[in-house]
Amino acid sequence: METLRMVTVVAPVNIAVIKYWGKRDENLILPLNGSISGTLSTNQMCAKTTVSFSRNFTRNRIWLNGVEETFENRRLINCLNEVRRRAKEQGKISPEELEYNVHICSVNNFPTAAGLASSAAGYACLVASLSKLYQLDGDISSIARQGSGSACRSIYGGFVEWIAGDKNDGTDSCAVQVVDSNHWNEMRVLILVVSENKKKTGSTAGMQTSVATSELLKTRVSQVVPKRLADIKQAIYNKDFKTFADITMQDSNQFHAVCLDTYPPLVYMSEVSHAISDLIHQINEEAGKTIVAYTFDAGPNACLYLLEEHVPLVLAAVNHVFPTTQNADTYFTGIPVTLDSQL
Ligand code: PMV
């Protein structure tokens with residue numbers, strides 16, 4: 001009888017254009033609002049995870065970027081339990097194998113926890129690899145969601161919506177593809193790494209404080225996001241870059257306004273981030289039309305959405321204004337990334 005089974009999966013990061021910020025259920029990770037992101041191609045920024053189970057493993061173990069961590073992380077355990085629960089239901093794995101311990105080994109090829117969606121790629125990869133190991137059928141985005149909310153969107157390629165859902169058990173809170181990566185295949189993303197440092201306040205703690213203290217977050221959730229979700233989806237279907245870019249930048253700005261409206265405030269963007277935002281508006285003004293959009297997650301790094309034809313111009317402007325040698329802590333790498341569907 002087989003005693004060791006092993007699977008390796010690669011999963012990309014996703015960059016939200018309508019941001020998820022705030023939970024209505026902390027344990028199941030149910031969001032207050034829906035969100036939309038682009039999934040990057042797996043040949044650039046991604047996580048790679050190998051999982052295995054064996055009758056010979058004496059305990060569950062996990063290594064992240066080469067360092068062994070304890071297996072006590074509640075979200076990790078929730079994901080593994082949910083995969084095993086579904087595997088038991090679907091019956092492709094023997095009851096004996098379901099009892100075996102697992103070994104998990106995951107590496108990221110980009111800065112961890114610097115607001116670069118590392119947990120999204122990491123949990124999407126973990127859940128995709130475990131689901132393959134346990135031969136699960138059906139949508140697995142609602143399992144990935146229980147690792148890190150935004151991870152559910154990395155399960156699919158192209159542009160992806162995380163439907164907030166309204167059930168208390170979370171069964172309707174999952175990711176769906178809006179369009180695949182071929183639909184708008186001229187789309188590119190440039191990541192400008194402002195700092196590789198770990199962010200001050202992680203997204204979990206940050207969201208909790210925002211939900212508890214920000215009035216603006218309430219208005220955002222009830223009155224702003226629903227229309228933006230509908231409008232940006234239409235812009236994506238129509239390949240209407242100007243509308244897509246306007247909504248993307250406005251939503252990033254409102255997310256950071258919510259962060260500042262949080263008490264004590266959450267300051268994720270740095271002076272350099274603001275300088276990048278100024279530069280993007282200036283580039284668009286000088287071009288006479290909108291050719292590039294910025295968006296910032298819970299960290300200072302900038303993600304730029306633009307069409308392939310404008311990559312040389314925008315990269316030249318960025319490199320001119322922010323020469324890489326300017327400051328030891330401030331440097332940029334422009335990585336043109338195609339939106340892709342790999343999982
Ligand atoms: O999934 P988390 O807990 O890492 O939260 C991600 C939150 C943002 O990146 C700021 C926005 C988003 O929708 O990805």
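Each reported figure results from applying straightforward, stated rules to the coordinates on display, with no laboratory input. This is a predicted model, so every value here is computed, not measured. Cβ: placed from backbone, ideal geometry, glycine included. Neighbour counts: every protein chain shown.
Seen from Ser252, the other residues with C-beta closer than 10 Å to its C-beta sum to a net charge of -1, counting Lys and Arg as +1 and Asp and Glu as -1. Counting Lys and Arg as +1 and Asp and Glu as -1 over every other residue whose Cβ lies under 12 Å from the Cβ of Asp137, the net charge comes to +1. Sorted on the mean count of surrounding Cβ atoms within 10 Å across their residues, most packed first, peptides 203-216, 54-67 read 203-216, 54-67.
Each Lys and Arg contributes +1 and each Asp and Glu -1, all at the Cβ; summed about the Cα centre of the chain, the dipole is approximately 700 debye.
Considering only the chain, what is the antiparallel percent among its DSSP beta bridges, to the nearest 5? Please list the in-between numbers first.
On the way: 49 of 53 bridges.
That works out to approximately 90 percent antiparallel.
The alpha carbon convex hull volume per residue for the chain rounds to 131 Å³. Considering only Ser35, Thr219, Gly138, and ranking their Cα positions along the charge dipole of the chain that arises from unit charges at the beta-carbon of Lys, Arg, Asp and Glu, the one farthest toward the positive end is Gly138. Let a ≥ b ≥ c be the square roots of the eigenvalues of the Cα gyration tensor of region 114-253; is it rounded (a/c under 1.5), or, if not, prolate (a/b larger than b/c) or oblate? Since a/c stays below 1.5, the shape of region 114-253 is classed as rounded. Summing +1 for each Lys or Arg and -1 for each Asp or Glu among the other residues whose beta-carbon sits under 12 angstrom from that of Gly170 gives -2.
So if R0 is 22 Å, what FRET efficiency would Glu286 and Glu308 give, r being the distance between their Cβ atoms, rounded to the nearest 0.05? Could the numbers behind the result be given before it?
Numbers: r = 20 Å, r/R0 = 0.89.
Computed FRET efficiency for Glu286 and Glu308 comes out at 0.65.
Note on region 4-179: dipole from Cβ charges, positive end direction compared against Gly91, Thr50, Ala175; the farthest Cα belongs to Thr50.
Express in nm, to one decimal, how much length is gained between Asp240 and Asn43 on full extension, taking 0.36 nm for each residue of separation and deducting their alpha carbon distance.
Details: separation 197, 0.36 × 197 = 70.92 nm, distance 2.67 nm.
Result: 68.3 nm gained on full extension.
Region 37-105 to region 251-293: how many Å between their Cα centroids? The two parts, judged by their Cα centres, are 37 Å apart.
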